[in-house]
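Some notes on the structure that comes next.
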Amino acid sequence: MSGKLKRKHGDLRSREKERQASGESRYIAVTLFLAFFIFTFIGAGNFIIVSLVGLFLCAIGLVQSSVRVDLWILVPLILYNGISLLSGYRTYGNTLDGYASTQSVFPVIYLLMSYLGSQERRLLKSLCAVWVGVMATIGIGQFVMAAFSGSATRLSGLMGNPNAMGAMLALGWFALQSCLREENGPALERFLRGLEFITLTALALTLSLGAFGALGIGVLVMHFYGKECFSSLLCRLAEMIFAGGCGILLYIAGNATNWPWLCLILCGYILIGAWYRGQFERELSDGKWAKLLICLTGALGAGVVAFLRPNAAATFAERLAMIRNGLGYLGVDPLLGVGPYQWRRLNLQDADTYFNTWHIHNVFVHVGVELGLIAMAMLAIAVVRHFRKREDPAQRGAFSAALVHNLMDTSFFYMATVPFLIMTAGDDEGKKRRLSGAAVKCMFSVFAVLFAWNMVQIFW
(Lines give C-alpha, C1' and ligand atoms only; values in the text may rest on other atoms or scores of the structure.)
Protein backbone atom coordinates (compact mmCIF):
# COMPACT_ATOMS: atom_id res chain seq x y z
CA MET A 1 0.00 0.00 0.00
CA SER A 2 2.81 2.36 0.92
CA GLY A 3 4.45 1.68 -2.46
CA LYS A 4 1.25 2.68 -4.29
CA LEU A 5 1.02 5.86 -2.21
CA LYS A 6 4.61 6.74 -3.03
CA ARG A 7 3.99 6.22 -6.75
CA LYS A 8 0.84 8.33 -6.55
CA HIS A 9 2.66 11.14 -4.75
CA GLY A 10 5.47 10.86 -7.30
CA ASP A 11 2.98 11.16 -10.17
CA LEU A 12 1.36 14.17 -8.48
CA ARG A 13 4.74 15.87 -8.06
CA SER A 14 5.60 15.12 -11.69
CA ARG A 15 2.33 16.59 -12.95
CA GLU A 16 2.81 19.62 -10.71
CA LYS A 17 6.28 20.18 -12.18
CA GLU A 18 4.89 19.87 -15.71
CA ARG A 19 2.14 22.42 -14.94
CA GLN A 20 4.71 24.77 -13.44
CA ALA A 21 7.01 24.40 -16.45
CA SER A 22 4.08 24.97 -18.81
CA GLY A 23 3.11 28.09 -16.86
CA GLU A 24 6.67 29.43 -17.05
CA SER A 25 6.78 28.76 -20.79
CA ARG A 26 3.54 30.64 -21.33
CA TYR A 27 4.93 33.53 -19.28
CA ILE A 28 8.05 33.61 -21.49
CA ALA A 29 5.87 33.50 -24.62
CA VAL A 30 3.72 36.43 -23.49
CA THR A 31 6.80 38.40 -22.44
CA LEU A 32 8.44 37.85 -25.82
CA PHE A 33 5.28 39.03 -27.55
CA LEU A 34 5.28 42.20 -25.44
CA ALA A 35 8.90 42.79 -26.49
CA PHE A 36 7.91 42.47 -30.16
CA PHE A 37 4.89 44.72 -29.55
CA ILE A 38 7.18 47.42 -28.12
CA PHE A 39 9.72 47.07 -30.93
CA THR A 40 7.08 47.79 -33.59
CA PHE A 41 6.85 51.38 -32.25
CA ILE A 42 10.56 52.29 -32.22
CA GLY A 43 11.61 51.94 -35.85
CA ALA A 44 15.36 51.38 -36.15
CA GLY A 45 15.78 51.39 -32.38
CA ASN A 46 15.84 53.40 -29.18
CA PHE A 47 18.77 52.89 -26.78
CA ILE A 48 16.74 53.32 -23.59
CA ILE A 49 13.78 51.16 -24.58
CA VAL A 50 15.86 48.33 -26.03
CA SER A 51 18.19 48.30 -23.02
CA LEU A 52 15.26 48.15 -20.60
CA VAL A 53 13.56 45.38 -22.58
CA GLY A 54 16.87 43.52 -22.86
CA LEU A 55 17.46 43.74 -19.10
CA PHE A 56 13.98 42.40 -18.40
CA LEU A 57 14.44 39.49 -20.82
CA CYS A 58 17.83 38.67 -19.30
CA ALA A 59 16.29 38.68 -15.82
CA ILE A 60 13.82 36.05 -16.99
CA GLY A 61 16.61 34.04 -18.59
CA LEU A 62 18.76 34.05 -15.44
CA VAL A 63 16.22 31.94 -13.54
CA GLN A 64 16.06 29.28 -16.28
CA SER A 65 17.87 25.95 -16.34
CA SER A 66 19.53 23.98 -19.15
CA VAL A 67 18.01 24.10 -22.62
CA ARG A 68 18.41 22.64 -26.11
CA VAL A 69 19.37 25.16 -28.82
CA ASP A 70 20.67 25.19 -32.37
CA LEU A 71 24.25 26.33 -31.83
CA TRP A 72 24.72 26.99 -35.56
CA ILE A 73 22.26 29.87 -35.20
CA LEU A 74 22.89 31.02 -31.63
CA VAL A 75 26.70 31.15 -31.86
CA PRO A 76 26.78 33.14 -35.15
CA LEU A 77 24.26 35.60 -33.69
CA ILE A 78 26.44 36.08 -30.60
CA LEU A 79 29.64 36.40 -32.63
CA TYR A 80 27.99 38.85 -35.02
CA ASN A 81 27.02 41.08 -32.09
CA GLY A 82 30.44 40.66 -30.46
CA ILE A 83 32.22 41.83 -33.59
CA SER A 84 29.67 44.65 -33.97
CA LEU A 85 30.42 45.71 -30.39
CA LEU A 86 34.18 45.77 -31.02
CA SER A 87 33.75 47.69 -34.27
CA GLY A 88 31.54 50.27 -32.59
CA TYR A 89 33.89 50.63 -29.62
CA ARG A 90 36.90 51.13 -31.89
CA THR A 91 35.02 53.80 -33.82
CA TYR A 92 33.29 55.72 -31.02
CA GLY A 93 35.09 54.66 -27.83
CA ASN A 94 31.88 53.38 -26.19
CA THR A 95 29.41 50.49 -26.39
CA LEU A 96 26.38 52.69 -26.99
CA ASP A 97 26.98 54.08 -30.47
CA GLY A 98 26.69 51.37 -33.08
CA TYR A 99 24.39 48.46 -33.84
CA ALA A 100 25.30 46.17 -30.92
CA SER A 101 23.56 48.37 -28.35
CA THR A 102 20.20 47.45 -29.89
CA GLN A 103 20.79 44.27 -31.90
CA SER A 104 22.29 42.41 -28.92
CA VAL A 105 18.73 41.67 -27.89
CA PHE A 106 18.40 39.26 -30.85
CA PRO A 107 20.42 36.34 -29.38
CA VAL A 108 18.67 36.88 -26.04
CA ILE A 109 15.30 36.46 -27.75
CA TYR A 110 16.51 33.40 -29.65
CA LEU A 111 17.79 31.79 -26.45
CA LEU A 112 14.52 32.42 -24.61
CA MET A 113 12.59 30.99 -27.56
CA SER A 114 14.36 27.68 -26.96
CA TYR A 115 12.47 27.26 -23.67
CA LEU A 116 9.10 27.21 -25.41
CA GLY A 117 7.23 24.02 -26.21
CA SER A 118 5.11 23.51 -29.31
CA GLN A 119 1.94 24.95 -27.73
CA GLU A 120 3.73 28.04 -26.44
CA ARG A 121 5.39 28.59 -29.82
CA ARG A 122 2.01 28.37 -31.48
CA LEU A 123 0.58 30.88 -28.99
CA LEU A 124 3.45 33.31 -29.59
CA LYS A 125 3.22 32.97 -33.36
CA SER A 126 -0.54 33.62 -33.24
CA LEU A 127 -0.12 36.68 -31.02
CA CYS A 128 2.55 38.16 -33.30
CA ALA A 129 0.58 37.42 -36.48
CA VAL A 130 -2.61 38.93 -35.07
CA TRP A 131 -0.73 42.05 -33.94
CA VAL A 132 0.61 42.57 -37.48
CA GLY A 133 -2.99 42.28 -38.69
CA VAL A 134 -3.97 44.93 -36.14
CA MET A 135 -1.07 47.08 -37.37
CA ALA A 136 -2.51 46.75 -40.88
CA THR A 137 -5.96 47.81 -39.66
CA ILE A 138 -4.52 50.83 -37.83
CA GLY A 139 -2.53 51.71 -40.95
CA ILE A 140 -5.64 51.73 -43.13
CA GLY A 141 -7.32 53.99 -40.59
CA GLN A 142 -4.33 56.34 -40.62
CA PHE A 143 -4.44 56.49 -44.42
CA VAL A 144 -8.16 57.33 -44.47
CA MET A 145 -7.70 60.10 -41.88
CA ALA A 146 -4.80 61.50 -43.93
CA ALA A 147 -7.02 61.44 -47.03
CA PHE A 148 -9.53 63.74 -45.33
CA SER A 149 -6.74 66.16 -44.42
CA GLY A 150 -5.33 66.06 -47.96
CA SER A 151 -2.02 64.46 -46.92
CA ALA A 152 -2.52 60.81 -47.91
CA THR A 153 0.66 59.24 -49.23
CA ARG A 154 2.42 55.87 -49.06
CA LEU A 155 1.54 54.10 -45.82
CA SER A 156 4.33 54.18 -43.24
CA GLY A 157 2.22 52.87 -40.38
CA LEU A 158 3.69 52.15 -36.97
CA MET A 159 7.05 51.21 -38.51
CA GLY A 160 7.58 54.79 -39.68
CA ASN A 161 8.77 53.85 -43.19
CA PRO A 162 6.75 52.50 -46.16
CA ASN A 163 9.34 49.88 -47.14
CA ALA A 164 9.81 48.61 -43.58
CA MET A 165 6.03 48.57 -43.07
CA GLY A 166 5.60 46.69 -46.34
CA ALA A 167 8.16 44.09 -45.29
CA MET A 168 6.50 43.59 -41.90
CA LEU A 169 3.06 43.20 -43.49
CA ALA A 170 4.43 40.66 -45.98
CA LEU A 171 6.00 38.62 -43.17
CA GLY A 172 2.79 38.94 -41.16
CA TRP A 173 0.81 37.50 -44.06
CA PHE A 174 3.02 34.39 -44.05
CA ALA A 175 2.61 34.08 -40.27
CA LEU A 176 -1.16 34.20 -40.70
CA GLN A 177 -0.88 31.53 -43.38
CA SER A 178 1.09 29.38 -40.96
CA CYS A 179 -1.60 29.85 -38.28
CA LEU A 180 -4.31 28.90 -40.77
CA ARG A 181 -2.56 25.59 -41.44
CA GLU A 182 -3.15 24.56 -37.84
CA GLU A 183 -6.30 23.37 -36.05
CA ASN A 184 -8.61 26.35 -35.51
CA GLY A 185 -12.23 26.75 -34.56
CA PRO A 186 -14.66 28.26 -37.12
CA ALA A 187 -14.69 31.69 -35.42
CA LEU A 188 -10.89 31.89 -35.14
CA GLU A 189 -10.52 30.64 -38.71
CA ARG A 190 -12.76 33.40 -40.01
CA PHE A 191 -10.97 36.02 -37.91
CA LEU A 192 -7.54 34.98 -39.22
CA ARG A 193 -8.73 34.94 -42.83
CA GLY A 194 -10.17 38.43 -42.39
CA LEU A 195 -6.89 39.70 -40.99
CA GLU A 196 -5.07 38.10 -43.91
CA PHE A 197 -7.23 40.08 -46.35
CA ILE A 198 -6.74 43.35 -44.44
CA THR A 199 -2.98 42.77 -44.21
CA LEU A 200 -2.67 42.45 -47.99
CA THR A 201 -4.83 45.55 -48.47
CA ALA A 202 -2.58 47.57 -46.18
CA LEU A 203 0.52 46.17 -47.91
CA ALA A 204 -0.78 47.61 -51.19
CA LEU A 205 -1.04 51.05 -49.53
CA THR A 206 2.73 51.05 -48.89
CA LEU A 207 3.41 50.80 -52.64
CA SER A 208 6.65 49.06 -51.65
CA LEU A 209 7.75 47.23 -54.78
CA GLY A 210 10.48 45.50 -52.77
CA ALA A 211 7.86 44.11 -50.38
CA PHE A 212 5.67 43.06 -53.33
CA GLY A 213 8.59 41.25 -54.96
CA ALA A 214 9.65 39.59 -51.70
CA LEU A 215 6.06 38.49 -51.07
CA GLY A 216 5.80 37.01 -54.57
CA ILE A 217 9.04 35.05 -54.27
CA GLY A 218 8.05 33.88 -50.79
CA VAL A 219 4.72 32.63 -52.15
CA LEU A 220 6.51 30.65 -54.87
CA VAL A 221 8.86 29.12 -52.28
CA MET A 222 5.88 28.26 -50.08
CA HIS A 223 4.13 26.66 -53.05
CA PHE A 224 7.03 24.50 -54.19
CA TYR A 225 8.20 23.63 -50.67
CA GLY A 226 4.63 22.54 -49.84
CA LYS A 227 4.38 20.61 -53.11
CA GLU A 228 1.00 22.14 -53.93
CA CYS A 229 -0.74 21.83 -57.28
CA PHE A 230 -0.73 24.62 -59.86
CA SER A 231 -4.45 25.24 -59.40
CA SER A 232 -3.97 26.03 -55.70
CA LEU A 233 -1.20 28.49 -56.61
CA LEU A 234 -3.52 30.29 -59.05
CA CYS A 235 -6.24 30.36 -56.40
CA ARG A 236 -3.91 31.88 -53.81
CA LEU A 237 -2.57 34.46 -56.25
CA ALA A 238 -6.12 35.43 -57.23
CA GLU A 239 -7.05 35.94 -53.56
CA MET A 240 -3.95 38.07 -53.01
CA ILE A 241 -4.53 40.15 -56.15
CA PHE A 242 -8.14 40.83 -55.14
CA ALA A 243 -7.12 42.01 -51.64
CA GLY A 244 -4.17 44.01 -52.99
CA GLY A 245 -6.38 45.52 -55.69
CA CYS A 246 -8.71 46.85 -53.00
CA GLY A 247 -5.70 48.53 -51.41
CA ILE A 248 -4.62 50.09 -54.71
CA LEU A 249 -8.14 51.47 -55.28
CA LEU A 250 -8.11 52.89 -51.75
CA TYR A 251 -4.74 54.53 -52.43
CA ILE A 252 -6.01 56.13 -55.64
CA ALA A 253 -9.14 57.37 -53.89
CA GLY A 254 -7.15 58.93 -51.05
CA ASN A 255 -4.14 60.22 -52.94
CA ALA A 256 -5.24 61.01 -56.49
CA THR A 257 -8.82 62.30 -56.12
CA ASN A 258 -10.54 65.12 -54.27
CA TRP A 259 -13.24 62.76 -52.96
CA PRO A 260 -11.97 61.39 -49.65
CA TRP A 261 -15.45 60.07 -48.85
CA LEU A 262 -14.74 57.40 -51.47
CA CYS A 263 -12.25 55.97 -48.98
CA LEU A 264 -15.08 55.30 -46.54
CA ILE A 265 -17.05 53.42 -49.19
CA LEU A 266 -14.00 51.39 -50.13
CA CYS A 267 -13.27 50.65 -46.45
CA GLY A 268 -16.79 49.25 -46.16
CA TYR A 269 -16.12 47.10 -49.23
CA ILE A 270 -12.81 45.94 -47.73
CA LEU A 271 -14.54 44.93 -44.48
CA ILE A 272 -17.11 42.94 -46.49
CA GLY A 273 -14.30 41.27 -48.44
CA ALA A 274 -12.51 40.39 -45.20
CA TRP A 275 -15.72 38.99 -43.65
CA TYR A 276 -16.45 36.77 -46.66
CA ARG A 277 -12.81 35.86 -47.29
CA GLY A 278 -13.46 32.13 -46.74
CA GLN A 279 -16.45 32.04 -49.08
CA PHE A 280 -14.46 33.84 -51.76
CA GLU A 281 -11.72 31.21 -51.50
CA ARG A 282 -14.26 28.41 -51.94
CA GLU A 283 -15.77 30.14 -54.97
CA LEU A 284 -12.35 30.46 -56.58
CA SER A 285 -11.57 26.81 -55.88
CA ASP A 286 -14.80 25.74 -57.58
CA GLY A 287 -14.57 28.22 -60.44
CA LYS A 288 -12.58 27.07 -63.46
CA TRP A 289 -11.77 30.39 -65.08
CA ALA A 290 -12.37 32.98 -62.37
CA LYS A 291 -8.96 32.62 -60.72
CA LEU A 292 -7.18 32.73 -64.07
CA LEU A 293 -9.08 35.88 -65.07
CA ILE A 294 -8.20 37.60 -61.78
CA CYS A 295 -4.54 36.65 -62.18
CA LEU A 296 -4.47 38.14 -65.68
CA THR A 297 -6.15 41.28 -64.36
CA GLY A 298 -3.50 41.45 -61.64
CA ALA A 299 -0.75 41.33 -64.26
CA LEU A 300 -2.35 44.32 -65.97
CA GLY A 301 -2.75 46.01 -62.59
CA ALA A 302 1.02 45.93 -62.16
CA GLY A 303 1.10 48.72 -64.71
CA VAL A 304 -1.11 50.81 -62.41
CA VAL A 305 1.38 50.35 -59.57
CA ALA A 306 4.21 51.40 -61.90
CA PHE A 307 2.18 54.52 -62.79
CA LEU A 308 1.69 55.33 -59.10
CA ARG A 309 5.45 54.86 -58.46
CA PRO A 310 7.04 56.48 -61.55
CA ASN A 311 10.42 56.70 -59.80
CA ALA A 312 10.56 52.95 -59.08
CA ALA A 313 12.95 52.16 -61.93
CA ALA A 314 15.28 55.00 -60.96
CA THR A 315 15.19 53.86 -57.31
CA PHE A 316 16.09 50.31 -58.33
CA ALA A 317 19.01 51.55 -60.43
CA GLU A 318 20.18 53.76 -57.55
CA ARG A 319 20.21 50.76 -55.19
CA LEU A 320 22.29 48.74 -57.62
CA ALA A 321 24.75 51.66 -57.81
CA MET A 322 24.74 51.86 -54.00
CA ILE A 323 25.60 48.16 -53.72
CA ARG A 324 28.36 48.58 -56.30
CA ASN A 325 29.75 51.48 -54.28
CA GLY A 326 29.65 49.39 -51.10
CA LEU A 327 31.50 46.50 -52.74
CA GLY A 328 34.41 48.86 -53.26
CA TYR A 329 34.79 49.27 -49.47
CA LEU A 330 34.61 45.56 -48.56
CA GLY A 331 38.39 45.15 -48.44
CA VAL A 332 39.18 48.39 -46.58
CA ASP A 333 39.08 46.69 -43.18
CA PRO A 334 38.10 43.02 -43.51
CA LEU A 335 38.31 42.31 -39.76
CA LEU A 336 36.10 44.98 -38.13
CA GLY A 337 34.94 47.02 -41.11
CA VAL A 338 35.03 50.79 -41.45
CA GLY A 339 32.77 51.16 -38.39
CA PRO A 340 29.01 51.55 -37.78
CA TYR A 341 27.43 54.44 -39.69
CA GLN A 342 30.75 55.28 -41.37
CA TRP A 343 29.85 54.28 -44.93
CA ARG A 344 27.68 57.39 -45.28
CA ARG A 345 30.68 59.60 -44.40
CA LEU A 346 32.92 57.76 -46.86
CA ASN A 347 30.30 57.98 -49.57
CA LEU A 348 30.06 61.74 -49.03
CA GLN A 349 33.80 62.07 -49.68
CA ASP A 350 34.26 59.64 -52.58
CA ALA A 351 33.86 60.44 -56.26
CA ASP A 352 30.74 58.30 -56.59
CA THR A 353 27.13 59.48 -56.30
CA TYR A 354 26.14 60.61 -52.81
CA PHE A 355 23.15 58.44 -51.91
CA ASN A 356 22.11 60.35 -48.77
CA THR A 357 21.20 57.24 -46.75
CA TRP A 358 22.69 55.54 -43.71
CA HIS A 359 22.53 51.96 -44.99
CA ILE A 360 23.56 50.23 -48.19
CA HIS A 361 20.40 48.59 -49.48
CA ASN A 362 21.86 45.11 -49.26
CA VAL A 363 22.27 43.94 -45.68
CA PHE A 364 25.15 41.54 -46.37
CA VAL A 365 27.17 44.15 -48.26
CA HIS A 366 26.43 46.79 -45.63
CA VAL A 367 27.47 44.51 -42.76
CA GLY A 368 30.61 43.51 -44.66
CA VAL A 369 31.57 47.15 -45.21
CA GLU A 370 30.83 48.53 -41.73
CA LEU A 371 31.40 45.49 -39.48
CA GLY A 372 33.78 43.37 -41.55
CA LEU A 373 33.77 40.10 -43.44
CA ILE A 374 33.58 37.90 -40.33
CA ALA A 375 30.33 39.55 -39.22
CA MET A 376 28.96 39.16 -42.74
CA ALA A 377 29.93 35.47 -42.68
CA MET A 378 28.11 35.00 -39.34
CA LEU A 379 24.89 36.28 -40.88
CA ALA A 380 25.37 34.03 -43.89
CA ILE A 381 25.90 30.97 -41.65
CA ALA A 382 22.69 31.69 -39.72
CA VAL A 383 20.76 32.05 -42.99
CA VAL A 384 22.11 28.82 -44.48
CA ARG A 385 21.41 26.96 -41.24
CA HIS A 386 17.84 28.18 -41.20
CA PHE A 387 17.20 26.79 -44.67
CA ARG A 388 18.33 23.37 -43.44
CA LYS A 389 15.62 23.32 -40.77
CA ARG A 390 12.34 21.48 -41.16
CA GLU A 391 9.35 23.83 -40.94
CA ASP A 392 5.99 24.40 -42.53
CA PRO A 393 5.82 25.91 -46.05
CA ALA A 394 4.47 29.27 -44.87
CA GLN A 395 7.38 29.77 -42.47
CA ARG A 396 9.84 28.81 -45.20
CA GLY A 397 8.15 31.35 -47.47
CA ALA A 398 8.41 34.05 -44.79
CA PHE A 399 12.14 33.57 -44.32
CA SER A 400 12.70 33.51 -48.08
CA ALA A 401 10.74 36.75 -48.44
CA ALA A 402 12.78 38.37 -45.65
CA LEU A 403 16.04 37.28 -47.27
CA VAL A 404 15.03 38.60 -50.69
CA HIS A 405 13.84 41.91 -49.23
CA ASN A 406 17.12 42.46 -47.39
CA LEU A 407 19.11 41.91 -50.57
CA MET A 408 17.62 45.18 -51.87
CA ASP A 409 16.47 46.96 -48.70
CA THR A 410 17.22 47.48 -45.01
CA SER A 411 14.39 45.94 -42.96
CA PHE A 412 17.04 44.01 -40.98
CA PHE A 413 17.92 47.24 -39.19
CA TYR A 414 14.36 47.84 -37.97
CA MET A 415 14.03 46.47 -34.46
CA ALA A 416 10.81 44.49 -34.98
CA THR A 417 11.80 42.51 -38.09
CA VAL A 418 14.36 40.00 -36.78
CA PRO A 419 12.47 39.29 -33.52
CA PHE A 420 9.34 38.63 -35.58
CA LEU A 421 11.21 36.10 -37.72
CA ILE A 422 12.64 34.41 -34.62
CA MET A 423 9.29 34.30 -32.82
CA THR A 424 7.36 32.86 -35.77
CA ALA A 425 10.01 30.41 -37.04
CA GLY A 426 9.48 26.68 -36.91
CA ASP A 427 11.24 24.48 -34.38
CA ASP A 428 13.50 21.60 -35.44
CA GLU A 429 14.45 19.45 -32.46
CA GLY A 430 16.88 17.41 -34.56
CA LYS A 431 19.18 20.42 -35.02
CA LYS A 432 19.50 21.20 -31.30
CA ARG A 433 22.22 20.56 -28.71
CA ARG A 434 21.92 20.86 -24.95
CA LEU A 435 23.38 23.86 -23.12
CA SER A 436 23.98 23.51 -19.37
CA GLY A 437 22.26 25.80 -16.91
CA ALA A 438 25.61 27.39 -16.01
CA ALA A 439 26.34 28.22 -19.66
CA VAL A 440 22.87 29.70 -20.12
CA LYS A 441 23.17 31.86 -16.99
CA CYS A 442 26.61 33.03 -18.11
CA MET A 443 25.24 34.17 -21.49
CA PHE A 444 22.28 36.00 -19.98
CA SER A 445 24.59 37.60 -17.40
CA VAL A 446 26.96 38.95 -20.08
CA PHE A 447 24.09 40.49 -22.05
CA ALA A 448 22.51 41.87 -18.87
CA VAL A 449 25.78 43.61 -17.98
CA LEU A 450 25.95 45.07 -21.51
CA PHE A 451 22.39 46.43 -21.32
CA ALA A 452 22.97 47.78 -17.80
CA TRP A 453 26.22 49.47 -18.85
CA ASN A 454 24.45 51.05 -21.82
CA MET A 455 21.82 52.42 -19.44
CA VAL A 456 24.60 53.91 -17.31
CA GLN A 457 26.10 55.60 -20.37
CA ILE A 458 22.73 56.97 -21.42
CA PHE A 459 22.07 58.71 -18.10
CA TRP A 460 25.66 59.46 -17.13
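The values are calculated or read from the model by the stated rules, or taken from the named source; none is laboratory data. The structure presented is a predicted model; accordingly, all values stated were derived computationally and were not measured. Note that we place each Cβ from the backbone using ideal geometry, even for glycine, and neighbour counts take in every protein chain shown. Quick note on the areas: whole protein, heavy atoms, side chains included, nothing else; ligands and nucleic acids left out. Shrake-Rupley method; radii C 1.70, N 1.55, O 1.52, S 1.80 Å.
Close contacts from the range 92-120, counting a first residue that is touching a residue at least 40 places away in the same chain (Cβ under 8 Å) and a second that is among the basic types (Lys, Arg) and open to solvent by 30 Å² or more (accessible area, probe 1.4 Å), with Cβ to Cβ under 7 Å and a gap of 6+ residues or different chains, come to Ser114/Arg68; Glu120/Arg26.
Applying a threshold of 6 Å to beta carbon distances and a minimum spacing of six or more residues, or different chains, the list of pairs starting in the range 213-241 at a residue that is hydrophobic (A, V, I, L, M, F, W, C) and assigned to a helix (DSSP H, G or I) and ending at one that is surrounded by fewer than 16 Cβ atoms within 10 Å (Cβ to Cβ) and at pLDDT below 90 reads Cys235/Ser285. Within the range 142-166, being aliphatic (A, V, I, L, M) and in a helix (DSSP H, G or I) holds for Val144, Met145, Ala146, Ala147, Leu158, Met159, Ala164, Met165. Output yes when any residue across the range 361-383 is in contact with a Cys (Cβ under 7 Å, 6 or more places away or on another chain) and either crowded, with 23+ Cβ neighbours inside 10 Å or assigned to a loop (DSSP other than H, G, I, E, B) (or both), and no when none is. Within the range 361-383, none of the residues are in contact with a Cys (Cβ under 7 Å, 6 or more places away or on another chain) and either crowded, with 23+ Cβ neighbours inside 10 Å or assigned to a loop (DSSP other than H, G, I, E, B) (or both).
Counting the residues of the range 401-417 that are within 21 Å of Gln177 (Cα to Cα) and either open to solvent by 20 Å² or more (accessible area, probe 1.4 Å) or touching a strand residue (DSSP E or B) at 6+ places or on another chain (Cβ under 9 Å) (or both) gives 2. Scanning the range 252-303 for residues that are out of contact with any Ser or Thr (no Cβ under 7 Å at 6 or more places or on another chain) and β-branched (Val, Ile, Thr) yields Ile252, Thr257, Ile265, Ile272, Ile294, Thr297.
Scan Leu327, Leu264 and give me the residue that is surrounded by 12 or more Cβ atoms within 10 Å (Cβ to Cβ), over 30 Å from Ala147 (Cα atoms) and modelled with pLDDT of 90 or more.
Details: Leu264 fails: over 30 Å from Ala147 (Cα atoms).
Just a single option satisfies the conditions, and that option is Leu327.
Mind checking whether some residue in the range 93-103 is crowded, with 23+ Cβ neighbours inside 10 Å, out of contact with any strand residue (DSSP E or B) (no Cβ under 8 Å at 6 or more places or on another chain) and within 30 Å of Gly268 (Cα to Cα)? No, because not a single residue in the range 93-103 is crowded, with 23+ Cβ neighbours inside 10 Å, out of contact with any strand residue (DSSP E or B) (no Cβ under 8 Å at 6 or more places or on another chain) and within 30 Å of Gly268 (Cα to Cα).
Those residues that are surrounded by 13 or more Cβ atoms within 10 Å (Cβ to Cβ) and either modelled with pLDDT of 90 or more or within 21 Å of Ile38 (Cα to Cα) (or both), I need them from the range 418-436; list them, please. Spell out the reasoning first.
Here is the first cut: in the range 418-436, the ones surrounded by 13 or more Cβ atoms within 10 Å (Cβ to Cβ) are 418-428, 431-432, 435.
Within the range 418-436, Val418, Pro419, Phe420, Leu421, Ile422, Met423, Thr424, Ala425, Leu435 meet the criteria.
Figure legend. Inter-residue proximity from the range 352-368: first residues over 15 Å from Ser84 (Cα atoms), second residues of a type in the set (Ser, Thr, Tyr) and open to solvent by 20 Å² or more (accessible area, probe 1.4 Å), beta-carbon distance below 7 Å, spacing 6+ or different chains. Indicated pairs: Trp358/Tyr341.
Within the range 330-358, the only residue that satisfies the criterion of being part of a helix (DSSP H, G or I), loosely packed, with under 13 Cβ neighbours inside 10 Å and hydrophobic (A, V, I, L, M, F, W, C) is Leu348. Here Ser101 meets each of (1) at pLDDT 95 or above; (2) under 21 Å from the mean Cα position of the chain (by Cα) with one exception, condition (1).
Taking the stated definitions as given, is Val67 at pLDDT 95 or above and crowded, with 17+ Cβ neighbours inside 10 Å?
Working: at pLDDT 95 or above: no; crowded, with 17+ Cβ neighbours inside 10 Å: yes.
No, not satisfied.
Filtered by the rule that a residue be open to solvent by less than 60 Å² (accessible area, probe 1.4 Å) and not small (Gly, Ala, Ser), the range 267-287 gives Cys267, Ile270, Arg277, Phe280, Glu281, Leu284.
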